[in-house]
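What follows is a short report on a single structure.
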Amino acid sequence: MIFLVFAVASSVAIGMIFKHAGRQRLDRTALLTVNYAAAVAVAVGLQRLGGREVDQGLTLSGEMMALGAGTGGVLIAGFFVLAWATEVAGMSLAVGVMRVSVVVPFLASWGVWGEVPTLAQGVGMVLAMGAFFLLAHRRSTPEPVPAGTPPTDETAAAPRSVFSRIDWFAAGVLALTFCFGGAVDVLMKTFEEGFGAENSRVLFLLLAFGVAFLVGAVIVVRQGLRNGEWPTLPTVGWGILLGIANYASLEFLLRAIQVLPGPFVFPANNIAIMVFAALLGVTVWGERLSRPNRIGLALACVALVLLGL
């Protein structure tokens with residue numbers, strides 16, 4: 001159980017670091033690049049120290065390299081969008097949408113691999129989609145009208161419609177977060193189905209992390225050469241902490257699965273992350289959740305329980 005607690009704490013720490021980085025205006029690309037370098041370094045260090053055994057190798061065929069490259073690219077893009085969503089929509093909603101994106105691999109498993117969901121899982125998928133729309137429902141803040149300004153057609157007393165009150169920009173970023181979060185899971189499912197029996201999942205993740213680092217490094221170097229903007233010391237420091245938390249969330253989750261049943265671990269992990277992220281977002285960062293957002297979080301928790309059945 002302690003491994004599950006550490007996995008949740010590590011994942012929540014990722015959201016907290018993203019929130020702090022956004023407040024400090026740290027370079028997202030540099031932050032994520034350092035993050036993946038640190039994650040790979042921690043993983044390799046633990047392997048050499050015997051922290052985790054790898055009982056299988058990794059066959060670097062053309063298909064495997066293509067899948068690893070695609071997963072690495074989606075990983076860094078997804079993390080970039082998650083950091084962006086944390087800034088524009090808040091940690092509570094960004095983390096919630098990322099967790100509820102687990103419905104995407106369920107749909108892919110049904111449509112691509114013919115894995116028919118149970119009745120409970122089918123209901124869970126429907127509830128998860130509903131939860132996403134409620135979580136993405138973020139109201140826009142109307143621009144203040146200076147005192148003494150005479151009313152015009154735009155500032156007349158007519159109430160704005162429900163649709164005009166929605167922050168469509170934030171909703172769009174949350175939708176990207178949902179898509180990228182689900183895409184990573186689908187790619188991991190693709191690895192399990194096509195290569196998992198004969199290849200190490202841990203080594204495949206290291207390959208994907210390495211590709212993500214290279215993608216970010218190319219962008220950072222290009223940006224530095226073009227504009228003279230290189231990663232600052234705070235960015236490097238927070239990137240290292242992010243990488244440690246990133247790898248720890250994976251490591252502790254894998255260890256939790258070894259001692260606890262998966263149908264319990266995955267829903268419990270996702271629900272706990274959503275709840276604690278929402279609590280910290282509200283209490284520490286002063287985020288405000290609308291009534292649809294709160295209903296969406298509750299609905300997401302029910303959906304994740306059903307998807308684990």
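The values are calculated or read from the model by the stated rules, or taken from the named source; none is laboratory data. Model, not experiment: these values are computed from the prediction. Using ideal geometry, Cβ is built from the backbone for each residue, glycine included, and neighbour counts are taken over all protein chains shown. With ligands, DNA and RNA removed, areas are computed over all heavy atoms of the protein, side chains included. Shrake-Rupley method; radii C 1.70, N 1.55, O 1.52, S 1.80 Å.
Using the Cα gyration tensor of the stretch 251-309, with a ≥ b ≥ c the square roots of its eigenvalues, what is the shape: rounded (a/c below 1.5), prolate (a/b larger than b/c) or oblate (neither)?
Values: a/c = 5.39, a/b = 1.68, b/c = 3.21.
Taking the square roots of the gyration eigenvalues as a ≥ b ≥ c, the stretch 251-309 is oblate.
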Return the whole-Å distance between the Cα centroid of the stretch 58-123 and the Cα centroid of the stretch 3-23.
-> 18 Å
Search the structure for amide H atoms under 5 Å from the amide H of residue 166, placed 1.01 Å from N in the peptide plane, and list their residues when 5 or more places away or on another chain.
-> 140
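Charges only on Cβ, +1 for Lys and Arg, -1 for Asp and Glu: so what's the dipole of the stretch 9-97 about the Cα centre, in debye to the nearest 20?
On the way: 6 positive and 5 negative charges, 75 e Å.
My answer is approximately 360 debye.
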Counting only residues 5 or more apart in sequence or on a different chain, those whose built amide H sits under 5 Å from that of residue 115 are 110
What order do you get for 103-114, 57-68 when each peptide is scored by the mean count of other beta carbon atoms within 10 Å, highest first?
-> 103-114, 57-68
Counting each DSSP H run of 4 or more residues in the chain as -39500 (n - 2.57), what helix-only mean residue ellipticity at 222 nm follows after dividing by all residues, to the nearest 500 deg cm²/dmol?
-> -25500 deg cm²/dmol
Enumerate the helices in the chain for which the Kyte-Doolittle hydropathy averages 0.0 or more and the C-alpha atoms extend at least 20 Å along the helix's axis, using complete DSSP H runs.
-> 2-23, 28-48, 62-89, 119-135, 168-194, 201-227, 233-259, 262-283, 291-307
Residue 63 to residue 9: extension gain in nm, 0.36 nm per residue of separation minus the Cα-Cα distance?
-> 15.9 nm
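Let me know the shape class of the stretch 197-299, please: from the alpha-carbon gyration tensor, a ≥ b ≥ c as square roots of the eigenvalues, rounded when a/c is under 1.5, otherwise prolate if a/b is greater than b/c, or oblate. Intermediate values should be presented prior to the final figure.
Numbers: a/c = 2.58, a/b = 1.23, b/c = 2.10.
Verdict is oblate for the stretch 197-299.
Give me the percent of the accessible area of the chain that comes from carbon and sulfur atoms, probe 1.4 Å, all protein chains in place. If you can, show how the numbers build up before the last one.
Working: 10600 of 15530 Å².
It is 68 percent, rounded to a whole number.
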Prolate/oblate/rounded call for the stretch 195-237, Cα gyration tensor, a/c under 1.5 rounded | oblate
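So for the chain, averaging the separation of alpha carbon pairs under 8 Å that are six or more residues apart and normalising by length, what relative contact order in percent results?
Working: 407 pairs, mean separation 133.9, N = 309.
Computed value for the chain: 43 percent relative contact order.
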Arrange the peptides 214-221, 37-44 so that the one whose residues have, on average, the most other Cβ atoms within 10 Å appears first.
-> 37-44, 214-221
